[in-house]
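What follows is a short report on a single structure.
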């Protein structure tokens, strides 16, 4: 089941935003704002290219949570997410003139994000460990802890333990397998979108998804345990 | 298995579609139906396990889901406004990078020249006066032989405390790792010379208990959290007093056997430099490593290091001094 909350939408950048609520007819600015809210990502990027910063702000609102969450899931430490997240959105604004319209915006933005994360890893520069309260990123204290997430996800102790083990094991997967799982599972991106972002062919991405999940599946009780029937 | 199998083999393609899309999607439903009717087999059993694993991941999908706080957004928008203004100036980002790089190289060369000329009269060469005589103006004072008012100091940590003959752990059998103390509500002037002095009475040296005086820029200390890594502290354990900076014990210590029963534990800071002393005798001197643009706080606390006694040591007074 897929949640339809705005938080979920923000974490799944491939989904389209819900239509804006009807507004009273007020000054032209309100009409313009509501029209902007209904515009596609690609339209907003075109407006950004023409100097419309409100359009870019709206794109930022739609994608900030997804980009920051992707960075946290790939980098594993929330301290670096702040700095790299700023860099991503600044670069996207700076290089808006080079956005290859009418290409889908999501893979373009996630390509910038991915490259920024890789560059950070190459620089081997890590932000100092800080208290959650100091960070300008919210919710990390709740969702950064696998046992808290597992406890919220299920009341069944066995499932809870499985969820926790699998989330912890994500960091131990090879980078390419973890990336496919993060992009495909956590961010709902298609294999075609992942092809654009990573440069790897869809067949290779499917193989990484299969083998990555196979490694995680071993934590469910071992290869010799009787398999459980998946629920619809 | 060859990568191409994941698109050539219909079941594998369906399975990897289902694994990506997850529970509730059409490909998931189709994959489950196909596997359910396919009977037994090693590969098929493995595929079913993969679907179960995918279900668990779906349940944990909020893992590391974060959002930008207002501070993050504000900082970004300011950067974007600046970026847009630069664009209007007609100077391209690449040109700006070249200009900034040239300036940076020039500054670096000047800095090297300054540092290799020992007779240059720089501020760094002048000793920083951290003495009690220099930082002697009382700013705040708390008598710890009685419970201070809530507006003056608040309790931190879970350790039970008493104020009978000074602040001390109360009760017996305090679990190792338990910490507790008090934190002054009034913040310290972090950008000015400041000293924190605590009167510590050591009736009976106790190696199971650590008594600490500390200054911190961490605002999260509370009734459930008495410890932080962002601090400079004096730690007295048994007969030994040491300095601790950001959770690490620094070189240097003082033996309290020759001291009176009551000692003054002092931390002083000026211009990013600090000293930690017992009765005016320095234990350690170095850089303070607390953020000067945030308020600092002072406090005292106890930490039960090992099982056993919690008695023998108490704080009688805590003072803050300025210049």
Exercise for the section: Mind grabbing the base-10 log of I(q)/I(0) for the stretch A:82-185 at q = 0.12, 0.17, 0.19 Å⁻¹? Debye formula, identical points on the C-alpha positions, no solvent, two decimal places. Expected result: -0.59, -1.06, -1.19
Handout entry: Helix-derived mean residue ellipticity, 222 nm - over chain B, DSSP H n ≥ 4, -39500 (n - 2.57), to 500
Key = -9000 deg cm²/dmol
Problem - the stretch A:159-214: projected area of the alpha-carbon convex hull, averaged over directions, in nm² - result: 3.8 nm²
Practice task
Can you tell me the 0 to 90 degree angle between the C-alpha axis of helix B:26-37 and the longest principal axis of chain B, rounded to 10?
Solution key: 70 degrees
Fill in the blank from the handout: Computed over chain B: longest principal axis from alpha-carbon atoms vs helix B:93-116 long axis, angle to nearest 10 degrees, is 30 degrees
Fill in the blank from the handout: Output for chain B (equivalent-ellipsoid semi-axes, sqrt of 5λ from the C-alpha gyration tensor, Å, descending) is 54, 36, 19
Practice task
Quickly work out the residue A:111-to-residue B:306 label distance, labels modelled 7 Å from Cα along the C-beta direction, and quote it in nm with one decimal.
Solution key: 6.3 nm
Practice task
State the three equivalent ellipsoid semi-axes of the stretch B:133-252, derived from the C-alpha gyration tensor as the square roots of 5 times its eigenvalues, in descending order and whole Å.
Solution key: 22, 18, 16
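Taken together, the values in this text are just the output of simple stated rules run on the coordinates, not laboratory data. Remember, it's a predicted structure, so these values are computed and weren't measured experimentally. Glycine also receives a Cβ, built like all others from the backbone with ideal geometry; neighbour counts cover every protein chain displayed.
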